[in-house]
Amino acid sequence: MTAEKNPSINGLLFQIMKRTALLTFWFLTLALSARAADNIGILGSKPKWSVLEHYQETITRDEFAHLIHDVYCTHGLAPDLIEVNADTARILTNHESQNFLALRFAKSDTARNPVPRLWHPAKSLPSAKANKPLSGLRIALDPGHLGGKWAKMEERWFQVGSSQPVQEGDLTLKVARLVAARLRELGAKVFFVRHSNEPVTPKRPDDFRELARTILIKNGVPQSRADVLDSNDLEKEQTIRWQSEILFYRYSEIRRRASLVNFKLHPDLVLCLHFNAEGWGDPNNPTLTDINHLHLLVNGSYLQQELEFDDERFEMIRRLLSRAYDEELPLADTIAATMARETQLPPYQYPTTNSTTKVGTSGYVYARNLLATRLYRCPVVYCEPYVMNSNDAFARIQAGDYEGTRNVNGIERKSIFREYADSVAAGLVEYYSKARGL
Ligand SMILES: [Zn+2]
């Protein structure tokens with residue numbers, strides 16, 4: 001499940017909650033930006049626009065315009081933020097001071113300066129043996145969420161009767177360990193962004209109580225309650241508890257993971273591993289469904305409101321200029337095809353196109369602006385297979401991990417964890433073998 005999802009209430013109630021969550025998100029974002037003169041998103045930092053000087057004349061106007069219109073700003077773009085002219089792009093760097101950066105385009109493909117970046121595109125890797133198609137490649141695995149004792153707080157927990165509780169953060173870590181073993185056999189150097197069910201951030205919810213209170217006051221809740229009543233509490237988002245927890249497990253945690261990726265691990269690729277879900281209602285009495293699907297995400301499809309933030313606009317432009325998309329899109333398409341083949345899952349269709357844009361050729365890949373896909377400064381492929389509360393996936397999760405195949409729901413199948421791991425590894429083998437001419 002992506003961080004923005006919150007499957008806590010059924011039906012109409014769920015819709016209301018979703019709307020409230022979205023409103024809260026915007027209030028929260030606006031409240032924080034109103035406080036900071038720098039117009040920065042939640043727990044964000046002031047952008048260093050001078051870094052972009054290194055990207056002068058590294059991209060042609062056509063390529064820049066294509067990436068802006070077809071990938072990153074598919075919901076439109078205010079010309080006072082980014083204006084694409086004949087020889088330059090004029091990019092607003094600071095809302096308050098109204099300063100701009102002039103990004104000069106390369107005159108032609110052959111006149112382009114090299115793109116500065118720390119990660120290695122597949123085509124730039126040295127030659128490899130056919131049985132080690134991932135040799136020389138640094139891959140960071142990011143198992144989504146935390147799991148363990150944090151799973152309930154994250155709203156990534158449900159339990160059917162007295163069966164084993166389903167905790168997304170534990171499932172993703174299990175998959176990551178299997179993926180790591182396979183990728184190492186194939187020659188890759190593998191790192192874990194999270195290797196246990198404890199947070200990477202040293203912060204805890206209590207560290208954000210004051211910030212949570214400030215956010216609620218700006219949201220028009222001057223006398224906020226301290227605590228949530230229960231998981232069905234309709235006004236839980238107006239409590240200091242709920243706000244400080246989300247600042248901890250989402251914003252602080254993902255930003256800390258990004259620091260680890262960007263300043264320590266320096267991978268050529270990050271794989272974000274998740275399991276999807278449909279709204280399950282009461283986590284102690286969850287709804288199971290026959291709906292099951294697969295999709296993958298790459299960064300893009302920024303909302304106009306998101307582009308108003310100086311840091312988000314900066315991160316988008318830096319990402320665009322790094323050409324991470326040129327690597328992550330074909331990679332995501334290839335992994336999607338191997339995952340679809342092995343899992344037999346149909347592509348997920350987002351109910352609206354408000355925050356996503358379908359990209360690529362597989363039918364399974366969407367562009368979406370998530371914190372992780374935006375902040376990790378290298379190609380990022382974000383996997384969302386299996387609806388955890390589908391009857392099929394639930395039975396397979398309960399069956400646990402095992403070698404070989406077993407009969408689950410009348411079909412001989414690998415464990416859901418191995419099927420996930422093997423199909424991701426198969427996609428990487430296919431993509432890198434082809435790119436390296438093996
Ligand atoms: Zn998830």
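The values are calculated or read from the model by the stated rules, or taken from the named source; none is laboratory data. Since the structure is predicted, the reported quantities are computational estimates derived from the model, not experimental observations. Cβ atoms come from the backbone with ideal geometry, glycine included; neighbour counts cover every protein chain shown. Keep in mind that these areas ignore ligands, DNA and RNA; they rest on the heavy atoms of the full protein, side chains included. Shrake-Rupley method; radii C 1.70, N 1.55, O 1.52, S 1.80 Å.
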Please state the relative contact order of the chain as a whole percent: Cα pairs under 8 Å, 6+ residues apart? 22
Rg and Dmax of the chain over Cα atoms: what are they, in angstrom? 21.8, 66
Output the peptides 342-352, 130-140 sorted from most to least packed, where packing is the average of other Cβ atoms within 10 Å over each peptide's residues. 130-140, 342-352
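Just to be sure I understand: of the beta bridges DSSP finds with both ends in the chain, what percent are antiparallel, rounded to 5?
Taking every DSSP beta bridge within the chain, about 50 percent pair in antiparallel fashion.
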Share of the chain's accessible area from carbon and sulfur, percent, 1.4 Å? 51
Where a ≥ b ≥ c are the square roots of the eigenvalues of the C-alpha gyration tensor, would you call region 70-225 rounded, which needs a/c under 1.5, or, failing that, prolate if a/b is larger than b/c, or oblate? oblate
Residue-normalised value, i.e. accessible area per residue, for region 37-145 at 1.4 Å probe, in Å², stands at 51
Size of charge dipole - the chain - debye, nearest 20, with Cβ of Lys, Arg +1 and Asp, Glu -1, no other charges: 1160
Return the lysines within reach of Lys236: Cα separation strictly under 23 angstrom, same-chain partners fewer than 8 residues apart disregarded; answer none if there are no such residues. Lys5, Lys18, Lys149, Lys152, Lys203, Lys218
Kindly identify region 234-360 as rounded, prolate or oblate by the Cα gyration tensor criterion: order the square roots of the eigenvalues as a ≥ b ≥ c, call it rounded if a/c is under 1.5, otherwise compare a/b with b/c, prolate if a/b is larger, else oblate. oblate
Mean projection area, nm², convex hull over Cα of region 307-352: 4.7
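Which order, highest average first, do 213-221, 158-166 follow once you tally other Cβ atoms within 10 Å for each residue and take the mean per peptide?
213-221, 158-166
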Select from Gly169, Gly360, Gly147 the residue whose mean-square fluctuation is largest in a Gaussian network model of the chain (Cα-Cα springs shorter than 10 Å). Gly360
Measuring with a 1.4 Å probe in the full set of protein chains, what accessible area per residue, in whole Å², belongs to region 300-394? 28
May I ask which residue of Ala130, Gly400, Thr201 lies farthest towards the positive end of the charge dipole of the chain, with charges of +1 (Lys, Arg) and -1 (Asp, Glu) on Cβ and the Cα centre as origin? Ala130
For the cross-link pairs Lys132/Lys264; Lys189/Lys434; Lys107/Lys264; Lys132/Lys414, which exceed 31 Å when the distance is taken from alpha carbon to alpha carbon? Lys107/Lys264
Need the full-extension length gain, Asp87 to Glu412, defined as separation in residues times 0.36 nm minus the C-alpha distance. One decimal, nm. 111.1 nm
Given the C-alpha centroids of region 409-438 and region 125-146, what is the distance between them in whole angstrom? 14
Putting +1 on Lys and Arg Cβ atoms and -1 on Asp and Glu Cβ atoms, find which of Tyr251, Val261, Asn232 reaches farthest to the positive end of the dipole of region 225-305. Val261
